[in-house]
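Let me begin by presenting the structure, written as structure tokens, before commenting on it.
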Amino acid sequence: MTQVNRLSGGLIDRNSTLNFRFDNRNYTAHPGDTLASALLANDVRLIGRSFKYHRPRGVLTAGSEEPNGIVELRAGNRKEPNTRATTAEVYEGLDAQSQNRWPSLKFDALAINDRFSNFLTAGFYYKTFMWPAVFWEKLYEPIIRKAAGLGSLSMEDDPDEYDKGFLHCDLLIIGAGPAGLMAALTAGRTGSDVILADEDFALGGRLNSESFSLGDDSASDWAAATVAELSALPNVRLMPRTTVIGAFDHGIYGAVERTGDHVATLPVGKPRQILWRTYTKRALLCAGATERPIAFENNDRPGIMLASAMRTYANRFATTAAQRVAIFTNNDDGHRTASDLRAKGVKIAAVIDVRDDAPINYEFEVLKGAQVVDTKGRLGLTFVEVALADGSRRILECGALGVSGGWNPNVHLTCHHRGRPVWNDDLAAFAPGDDLPPGMTVAGAANGTLSTHGALQSGAESAAIALDLKGALPDLPKAEDAPINQTPFWYLKGCARAWLDQQNDVTVKDVKLSHQEGFRSVEHLKRYTTLGMATDQGKTSNMAGLAIMAELAGKSIPETGTTIFRPPYTPVPIGTFAGRMKGQDFHPTRLTPSHYWAKERGAVFVEVGNWLRAQWFPLPGETHWRESVDREVRQTRASVGVCDCTTLGKIDVQGTDAAAFLNKVYCNGFAKLAIGKTRYGLMLREDGMAMDDGTAARLAEDHFVVTTTTANAVNVYRHMEFVRQCLFPDMDVQLISTTEAWAQYAVAGPNSRKLLQKIVDPEFDISNDAFPFMGCGSITVCGGLRARLFRISFSGELAFEIAVPSRYGDALMRRLMQDGEEFDVVPYGTEALGVMRIEKGHAAGNELNGTTSALNLGMGRMVSKKKDSIGSTLSEREGLNEPDALMMVGIKPVNADDKITAGAHLMDASGPVDAKHDQGYVTSAAFSPSLDCHIGLAFLKNGGARQGERMRLVSPLTDVNVEVEIVSAHFVDPEGERLRA
Amino acid sequence: MHDLAAITALGGSEPRVDTVADVTCAEVPGVALASVAARSGQEAKAQKALAKLIGVKTPDIGRFAGDPVSAFWTGPDQWMVEAPFDSHEGLAQQVKDAIGDAASVTEQTDAWTRFDLNGGRVLAVLELLCPLDVRKMAEGDAARAAIHHLGCFVLCRSPGSFSVYGPRSSAGSLHHAIVTAMKSTL
């Protein structure tokens, strides 16, 4: 198809032709075209169907405010719904589809909705689909969702990449129209760091849409020359295709740069969009203004558009929606469109001006004091019906109608800190108020300065003020400076169906109905009618809705108020917010020093926080995880096992007050811990509940190493820093994490000492006498490598933890395996670790679950009364010390084949099974290879006195009902002989 | 001399080097680190001893100084001392010997992984990684920054040459983030 509506001139590259598809038909365009301009050039006015009534729609605007011309771009997993045809750049091979229609755009079965429009007014869903309630989710909602709505999702993962980044500048200029360009010149020439961002792919704003001159150049040439000068300045960063979506705290602005939306295929690794967090000292909003439509009967037909958009299509994109057009206006701007179009050879049916004193023009007919009262044309405009000043009617034949109801400053970003715009009577529009985000100023049309000269001047002056620049401002090119005279004209009285919000199919009548039904707040109006919702956020409709509401309420527009403007300014794909943080990259991964070795051994890994830990090490022939875990437990208890416990938090505590400090953070005493000794410690929260447990090893008088659980490593460190800096700032104590610095392995089992003796250098005696239980010290291994040795045991066996600098951790693990062959050494993972600690009755994360106290854990007597420590006072609270308080116990099934289930509750042997009779609950459960049955740890009311009692373990939800016996939590070696061996 | 072989933070026997266009990301395992935190009331003494150790005035806020033993500022009266690993594997003890009881000294060598980024467009890479105003960083500047959710230090060795220190256990994630940014922007 040829581009029958292509005009002369424009800023498109006619030397090159692009092929694209819309609704499976082939068309051509030129570089510089948007999808909307290319479709208009190809005489395609019908682009989509409306949200509710499925009415045929074309483009209304030429920019991001577009409510109607929304399409699905691309296909397959790259399909993007609800994209504005007015901003989508055409590239070779672009594939676009209209949306919300079936079976085709020209024949849409759901257009039947339009016939029932009397029933489908505001609040229709709320009133209609109320009964029966159960039908809503299963029947009504799916049907409504199918019938209403915009584009469809591909239901596949988006394969494209998105980036996030950070920018810094002295002045962020938002919008590169006349004000923005002049501001950038003013600031840029002084050497200030300037970022000039504009959502368009061509910088210049309306200068690219107008036919007038700036100085001796055309407006677009002046813009191009200015951009060329700015791009040569190293301190100015030009960012076309970049929408500043929000003004956030502390001078931070979010900006979305569309780096890949205008190309057919992105090179591997290149982002489609980048979300820039922009830190700026000052921001200058030069976002321009948006023309407002007028509501009249059937004002939504394809071909009816804003007069300024028509001018943009003609002057910038060299296209027109039709060869014969009419203009409906209430201000002089509409006349400018008629002049420009006529100059391009488009026939002007007439300019219909509501003003009795409208200017006359000898090039085209001006109908003064006239109004468009109706239109015709099922799939595109064919005629408009005009009521003339004398009351007579006239039918005008035209394929397009430009509508101009005046201009609204784009104040959105000025309101992102909850500032309110103020009504400006001269403009008959809202302009930026005084409560702008700190550091922001507004220039040009966004500030209500609607002439080109005014925009240039205010851009230059505002930049100078924002940056406190001294000296003369750059010379301004001579530009039009027409006075602005905006008289509001929102809608024609007496219309049956005059469209305000074309995206949401909201009519004047809907606003009236909403008012009639008692929705008097603008926020309620918005939610009841959906006016101003969805992708365009009412950029072309909000003002008219407010005006009508004000009229109905008998109030002024400023009294009626506005809805809140919130970020983002225009829609942003969710992927852009996610950036690279998706899938495997959602969070960083931490690897243990033995990770590569464990991977070679075929370890099965588990995520513990960010860590990947070996869960078990399956051997050939083992088909179930329990086989591996049971073997690891048996082999460790029989001889020796090695487990990577690097993930436990390690905090280096030094200073002359180090011991006194630990005395504060642990509830048990640490002041008298001897050098070379380790002690188990319990930390309480301020409220007296248990926070974390671990050990502290005293390496010197003023030096401890504290260990924490893996899960709480960060929290404990943060807590200790808080205590150090805020609670006891006078203490001389210094903290630093050394979790990553040392590879630490538990070596456990009766042969652990023999194995370690093979690697610990001979000058260090690790016999039971020289290095007894809970000993610690600095040693060397393997011929002189500095290491730390701790005689502590989580498994209940004779056990050590040995630490070497992390880079040697891999080699040490391999050496332990090699030297341990004679002892049948086994690596064990977190599952076996867990089984052994349950067998030994050691509390872990399941028990330190935030709801338990030292008393519950059986450690009530650890809370020292001889000193003050964090949480000790509140641990004595009434209610935490009741006689029947929960106490940690062990449980065993009476029938050895029965399973203990974590989370199940304990009930008396007989009696009701309900919450009222609950006696406690199981926190940890495992199959014990040592006892050859399932075992568990539980919190039981008055548990300390109930050993030997038989109870029922129940979980009504999962059909568990098992007879169990209450036993000591120490299933293995209750006397502790093994670990002291 | 012990006989255990070291691996790098990325798990190799040799440091990893990646080059995209004109920017190189090099893993640097050959560095020893020790943290220094002045003890209460000993701040001046600690500064003086540290200055003697690194041969220049103790670096101010956001700065590093010294060669071959250098220090960068990490917090009030806190520094990280850097030195070549081969000659200073026992750095923590050496620093402790120099400063004595005026400061707490902790070995940090293997708590961190270091990647050196060099090349003409390195700033474009860093812009995607960290919130620092890297274009304003001058030789000798050091700052904390979060990169890919990881607490890192960024040091400007010279214009176009930066060192990034991040937690060793997350070396793979940090390296992936850096190389991804290089491929994205270069």
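Enter the mean number of other protein chain beta carbons within 10 Å of the beta carbon of each residue in B:103-115, as an integer.
6
Could you give the nm distance between label points at residue A:143 and residue A:23, where each point is 7 Å from its Cα heading toward the beta carbon?
If labels sit at residue A:143 and residue A:23, their model points lie 2.7 nm apart.
Radius of gyration and Dmax for segment A:587-708's Cα atoms, expressed in Å?
Cα radius of gyration and Dmax of segment A:587-708 are 18.5, 56 Å respectively.
Any idea what angle helix A:830-840 forms with the longest principal axis of chain A, computed on alpha-carbon atoms, 0 to 90 degrees, nearest 10?
Once rounded, the angle reads 40 degrees.
What are the extents of the Cα atoms of the protein assembly as shown along their three principal axes, listed from largest to smallest and rounded to whole Å?
Result for the protein assembly as shown: principal-axis Cα extents of 115, 79, 56 Å.
Largest first and to the nearest Å, give the Cα extent of segment A:352-449 along each principal axis.
53, 34, 24
Go ahead and estimate [θ] at 222 nm for chain B from helices alone: -39,500 (n - 2.57) per DSSP H run with n ≥ 4, summed, over the residue count, rounded to 500.
Mean residue ellipticity at 222 nm (helix-derived): -7000 deg cm²/dmol.
Hey, could you get me the Stokes-Einstein D for segment A:1-155, Kirkwood radius over alpha-carbon pairs, 20 °C and 1.002 mPa s, rounded to whole µm² s⁻¹?
Taking Rh from Cα pairs, D becomes 126 µm²/s.
What's the whole-number percent of alpha carbon pairs in segment A:163-237 lying beyond 19 angstrom?
So the portion of pairs separated by more than 19 Å is 32 percent.
Take chain A, mark every one of the chymotrypsin sites (Phe, Trp or Tyr not before Pro) that falls in a DSSP loop and has at most 13 other Cβ within 10 Å, then report the longest stretch left between them, sites excluded.
A:587-981
Would you kindly work out the equivalent ellipsoid of segment B:31-109 from its C-alpha gyration tensor and give its semi-axes, the square roots of five times the eigenvalues, largest first in whole Å?
So the three semi-axes of segment B:31-109 are 17, 13, 11 Å.
For the pair residue B:52/residue A:577, report the inter-label distance in nm, with labels modelled 7 Å from Cα in the Cβ direction.
5.8
Counting only other residues whose beta carbon sits under 10 Å from that of residue A:302, what net charge do I get with K and R as +1, D and E as -1?
Cβ neighbours under 10 Å give a net charge of +4.
Report the relative contact order of chain A, percent, no decimals, based on alpha-carbon pairs under 8 angstrom and at least 6 residues apart.
9
Rounded to the nearest Å, what's the spacing between the alpha carbon centres of segment A:767-836 and segment A:878-949? Just the number, please.
When both Cα centres are located, 34 Å separates them.
Please work out the FRET efficiency for the pair residue A:770 and residue A:671, using the Cβ-Cβ distance as r and a Förster radius of 30 Å; give the result to the nearest 0.05.
It comes to 0.75.
Sequence-distant or interchain residues sharing an amide H contact under 5 Å with residue A:710, placed H: which?
Here the answer is A:649, since their amide H atoms fall under 5 Å of that of residue A:710.
Let me test this: with uniform point scatterers at the alpha carbons of chain B, what is the Debye-based log₁₀ I(q)/I(0) at q = 0.09, 0.14, 0.15, 0.16 1/Å?
The Cα Debye sum returns log10 ratios of -0.32, -0.76, -0.87, -0.97.
Taking N as the number of residues in segment A:884-981, what is its Cα Rg relative to 2.2 N^0.38 Å?
Normalised Cα radius of gyration, segment A:884-981: 1.06.
Normalized C-alpha radius of gyration of segment A:131-265, against 2.2 N^0.38 Å?
It is 1.52.
Give the Rg (one decimal place) followed by the Dmax (whole number) of segment A:517-620, computed from C-alpha coordinates and expressed in Å.
27.6, 84
For the ranges A:350-358, A:829-837, what's the packing order if you count other beta-carbon atoms within 10 Å of each residue, average per peptide, and put the highest first?
So the order, starting with the most tightly packed, is A:829-837, A:350-358.
Once you've got the Cα coordinates, tell me which of A:650/A:892; A:677/A:754; A:650/A:672; A:650/A:754 are over 32 Å apart.
A:650/A:892
Report ³J(HN,Hα) in whole Hz for each residue of segment A:697-711, in order, from the Karplus equation J = 6.51 cos²θ - 1.76 cosθ + 1.60 where θ = phi - 60°; Gly and Pro get x.
So the J values, rounded to whole Hz, are 9, 9, 8, 7, 3, 10, 8, 10, 10, 9, 10, 10, 5, 4, 5.
Taking chain B as a Gaussian network, Cα atoms linked when under 10 Å apart, which of B:110, B:101, B:77 shows the biggest mean-square fluctuation?
Ranking B:110, B:101, B:77 by mean-square fluctuation puts B:101 first.
I'm a student and want to see the number: the projected area of the Cα convex hull of segment A:781-922, averaged over all directions, in nm².
13.9
If you bin the C-alpha pair distances of segment A:264-391 every 5 Å from 0, what whole percents do you get?
2, 9, 17, 18, 16, 9, 6, 6, 6, 6, 3, 1, 0, 0
Using each residue's phi in segment A:452-461, evaluate 6.51 cos²θ - 1.76 cosθ + 1.60 at θ = phi - 60° and report the 3J(HN,Hα) Karplus result to the nearest Hz, with x for Gly and Pro.
Going residue by residue, I get 5, 4, x, 5, 4, 5, 5, x, 5, 5 Hz, with x marking Gly and Pro.
Regarding segment A:39-109, what's the average projected area of the Cα-atom convex hull, expressed in nm²?
5.1
In whole Hz and in residue order, list the ³J(HN,Hα) couplings for segment A:938-948 that follow from phi through the Karplus curve 6.51 cos²θ - 1.76 cosθ + 1.60, θ = phi - 60°; x for Gly and Pro.
These are the phi-based 3J(HN,Hα) values: 9, 9, 10, 4, 6, x, x, 9, 10, 4, x Hz.
Under a Cβ-Cβ cut-off of 13 Å, what is the net charge of the residues other than residue A:440 that fall near it, where Lys and Arg count +1 and Asp and Glu count -1?
Every neighbour counted, the sum reads -1.
Across peptide B:165-174, what mean number of C-beta atoms from other chains lies inside 10 Å of a residue's C-beta?
Going residue by residue through B:165-174 and averaging, the value is 6.
Pairing the Cα long axis of helix A:625-638 with the longest principal axis of chain A, what angle in degrees results, from 0 to 90 and rounded to the nearest 10?
Result, in degrees: 30.
Report the relative contact order of segment A:490-560, percent, no decimals, based on alpha-carbon pairs under 8 angstrom and at least 6 residues apart.
Averaging sequence separation for qualifying contacts and normalising by length gives 31 percent for segment A:490-560.
Tell me the mean residue ellipticity at 222 nm calculated for chain A from its helices only (DSSP H runs of n ≥ 4, each -39500 (n - 2.57), averaged over every residue, nearest 500).
-5500 deg cm²/dmol
With the crude spin-label approximation of a point 7 Å out along Cα→Cβ, what separation in nm comes out for residue A:882 versus residue A:608?
The answer from the label model is 3.5 nm.
Given all pairs of different Cα atoms, what value in angstroms does the Kirkwood hydrodynamic radius of segment A:490-560 take?
Radius from the Kirkwood sum: 11.8 Å.
Just need the relative contact order of segment A:295-404 here, percent rounded to a whole number, with Cα pairs under 8 Å and 6+ apart.
Once normalised by length, the contact order is 34 percent.
Going by the alpha-carbon gyration tensor, a ≥ b ≥ c the square roots of its eigenvalues, is segment A:650-737 rounded (a/c under 1.5) or, if a/c is not under 1.5, prolate (a/b greater than b/c) versus oblate?
Rounded shape, in that the Cα axes give a/c under 1.5.
No solvent, one uniform scatterer per C-alpha: report log10 I(q)/I(0) for segment A:293-337 via the Debye equation at q = 0.17, 0.20, 0.28, 0.32 1/Å, two decimals.
-0.48, -0.66, -1.18, -1.34
Every read-out reported here was derived from the displayed coordinates using simple, explicitly stated rules and does not represent laboratory data. Because the structure is a prediction, the values reported are computed rather than measured. All Cβ positions, glycine included, derive from the backbone under ideal geometry; neighbour counts span all protein chains shown.
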